[in-house]
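Bear in mind these aren't lab numbers, they're just calculated from the coordinates by the rules spelled out. Worth saying up front: this structure is predicted, and the values here are computed from it rather than measured. Because the Cβ atoms are built from the backbone with ideal geometry, glycine has one as well, and the counts that use them run over all protein chains shown.
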Amino acid sequence: MSATVRRPAFVWLAGTFAYTVLACGLTWPLPRYFQSRLLGSTSGDIGVYVWNLWIFRHELVEHGHLPFSTDHLFAYTDTVDFALHNYTPLADLLGVPLMGWLGTVGTFNVILIAAMVLSGLGVFVLARGLGLDAACAWAAGAVFMASPVLTARETEHFSLITAAPLPLFIWAVLRTLDTKRARDAVLVGALVALATYSDAYYGIYCVIAGAFVVAWRFVRIARRKVDRPAVTWPLDSGIALLGLTIAWRVLTGSTAIVVAGIRIGLQTLYTPMLLLTLLLGLRGWLVWRPTTRLHDPERTFRILLQRGCLAVAVCLALMMPLLVGIGYRFVDDRLPETVTRWRTSPTGVDLLGYFLPNPLHPWFGAYTRAWFATDVAFPEFVASFSIAALAVIGAGAAMRVLPSMWLAFTLLFTLLSLGPFVQVAGVNTYVPGPWAILRYVPIVDMARSPSRFVIVTTLGLSLLFAFALSGMRRRLADLSVGTAGSAGITALIAMALAIELVPAPRTLYSTEVPEVYQMIQATADEAGRVLELPLGVRDGTSTLGRSDAAPQFFQTRHHRPIVGGYLSRVSRWRKRENSRSPVLRAIFELSGGNSPSEDLVTAARQARDAFLQRSCVRFVVVNKRQASQELGAFATDILRLRLIHDDPAYQLLSPIDPPPCARRLRRGHGSKGEVAQRPPQTTAPR
């Protein structure tokens, strides 16, 4: 075999091996304890992602139907589907053959490291497609993998780590624009579906990124020539007046201003900043008068439009399981309702966050982390990239080697990641960004957390870093620095990146399952459901009662359906249906720290048998660290429970003489219809 044939294979093998070593280093010491530890707590979001992995295989293998719905959550109501849940079916499918061999936790960690490697390889493929040499392309993937944006999200948001389809999609779009081949369009559609199956937001990001790439290729913006300049002095006067008003509000702190006896409230800068932004935009339009035109000198737009329709058809066909689930919800009027409000939208990342050092660094990370939002969802707002990499990008900008397309691409997603209003150093400037408008676009509005656009920004910055590094190497070659000098400077950059970006040793969390859950491990028929106290029905924006992810993680051991649970989106119908039960409504009140009324307690006592018949609860687990004594006493009294097991952390109880379980109808695509609930055992297995 010739060297020209062997070399590409060697580059791919060497690059993949190097990415694997890097992934293990970035997660160290997780590879040593991959079957018993996690990068995040099982009570956090990572516990739900481990549950995703388990429930996918459980429904597919144990129950023999499509793993896009389950009756193992919200046991008081009927089957739930995962159409709008932050499910990870692509990663879960890869875990099916591994779980029997490595276990649930071991499989999850192996897939986590594999997802990191594939994300690096995806950026490598894109960078090579853009003409970068193998070394610079590998560096782009490495910086993307090691960026704090991704390493921080490894502790909570596993789905965001499975980012490989994003760069591969952009590569496929660029390839289709060049070749115009149908098979490349099929690949584009398949990658959008794979991106959606990796993370629901990624499919939306593909749409936005694809629209940008196509617009950059075919749309040209020019300044319109006019005979008479626009009259702007009225706008200038308004801008100056608003500027003075804002400055006066900031300097004096006054919340009102009186003009000609009229009192104008200025509680916040929201209204004046909005008006100022609109006036500045209008003035810019009047001065520049931009026009757009289609640029298609080769007349390829029509054939590419056909290829685009083919890509959409392929994508829809591959996403049919999700679309069927959404169809079920629509027919039943159970689609979750996401209310988009102008001023109360989730915030984006802080603009200053892009320039903060690595918050996971073992030396200075504790200080950097304090600069970010102190919200419990810390990883959600990490935007750090790399100070060293930004310096290299700055040098590339000075040398004018950065492609304007990727500068514009990165700027667009940076602005989107800032959310509806720009925040700087924790201060809301009330300056609206593009997300303030884009979040009202159908489908796009489902990406309700704008801070996650930072993933795509990081992709753009990684490519800019690679272009800058390539330009620096060429400039050094032109200056006759020599191979040794060029290698030395490259080594210094690599050392600076390694010192700055290393997050190891990582904090690891135990995956030990308490003894009480092992005692109630399900028999083959999985009859008898579990009620956890405290109890919650939770989604990404609200909670009935109180809940975390630990009960779902523990379900991977005992396998019995549970009454509460978490999904990214839970319909109002399901919340109402759970609240209609006096028993559950009282438990939600007590779980949230409130006391139910006497009327509600009386109604709950009368509804005991009806609740047990419908829910088929046969085991009640009380978490002593979280459930109040009042909640435990209420459940024991109302449900007439007897104690089976007691330890310092948990109590296990069971209803005395419960009524037979009601027959349940399993709904959802891939289901087998009505399932009879056999009377289960009412004592814990020994």
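Modelled label positions at Arg181 and Leu282, each set 7 Å beyond Cα in the direction of Cβ, lie 5.3 nm from each other. Of Trp371, Trp51, the sequence from fewest to most neighbouring Cβ atoms within 10 angstrom is Trp371, Trp51.
Charged neighbours of Asn52, selected by a Cβ distance under 12 Å, balance to -3 (K, R count +1; D, E count -1). The shape of the stretch 524-585 can be summarised by an equivalent ellipsoid whose semi-axes, obtained from the alpha carbon gyration tensor, come to 20, 14, 11 Å from longest to shortest.
Measuring nothing but how far apart in sequence close Cα pairs (under 8 Å, 6+ apart) lie, relative to its length, the chain scores a relative contact order of 18 percent. Could you give the angle, 0 to 90 degrees to the nearest 10, between helix 200-218's Cα long axis and the longest principal axis of the Cα atoms of the chain? Roughly 20 degrees, rounded to the nearest 10. Rg and Dmax over the alpha-carbon atoms of the stretch 109-159 stand at 11.6, 35 Å. Here's how it looks for Ile562: its modeled amide H is under 5 Å from those of Leu73, Phe74, Ala75, Val530, which are all 5 or more places away or on a different chain. Our summary gives the stretch 515-675 a relative contact order of 23 percent, counting only alpha carbon pairs under 8 angstrom and 6 or more residues apart. Restricting the calculation to Cα atoms, the stretch 35-141 yields a radius of gyration followed by a Dmax of 17.2, 58 Å.
Computed from Cα positions, the angle between helix 387-399 and the longest principal axis of the chain comes to roughly 30 degrees.
Exposure proxy for Cys616, Cys309, Cys24: other Cβ atoms within 10 Å of each Cβ, ordered fewest to most, give Cys309, Cys24, Cys616. When Thr176, Thr271, Thr252 are arranged by Cβ crowding within 10 Å, least crowded first, meaning fewest neighbours, the order is Thr252, Thr271, Thr176. Relative to the compact-globule scaling 2.2 N^0.38 Å, provide the ratio for the alpha-carbon radius of gyration of the chain. Expressed relative to 2.2 N^0.38 Å, the Cα Rg reads 1.07. Net charge in the neighbourhood of Trp171 (other residues with Cβ under 13 Å of its Cβ; Lys, Arg +1, Asp, Glu -1) is 0.
Counting only DSSP beta bridges with both residues in the stretch 515-675, the antiparallel share comes to about 65 percent.
For the chain, the longest principal axis of the Cα atoms and the long axis of helix 165-179 meet at an angle of about 40 degrees.
Using 0.36 nm per residue, how much length does the chain from Leu244 to Ala477 gain when fully extended, once their Cα-Cα distance is taken away?
Values: separation 233, 0.36 × 233 = 83.88 nm, distance 5.30 nm.
The span from Leu244 to Ala477 would gain 78.6 nm if fully extended.
In summary, the stretch 487-592 shows an alpha-carbon radius of gyration equal to 1.67 times the 2.2 N^0.38 Å reference for compact globular proteins. Based on the Kirkwood approach, the hydrodynamic radius assigned to the stretch 515-675 is 16.1 Å, with every pair of different Cα atoms included. For the stretch 30-85, the calculated P(r) over all alpha carbon pairs, in 5 Å bins from 0 to the bin holding the longest distance, is 4, 17, 21, 23, 15, 12, 6, 2, 0 percent. Once the Cβ-Cβ distance between Leu352 and Ala398 is put in as r, and R0 is 30 Å, what FRET efficiency do you end up with, to the nearest 0.05? It comes to 0.85. Expressed as a fraction of 2.2 N^0.38 Å, the C-alpha radius of gyration for the stretch 369-435 is 1.32.
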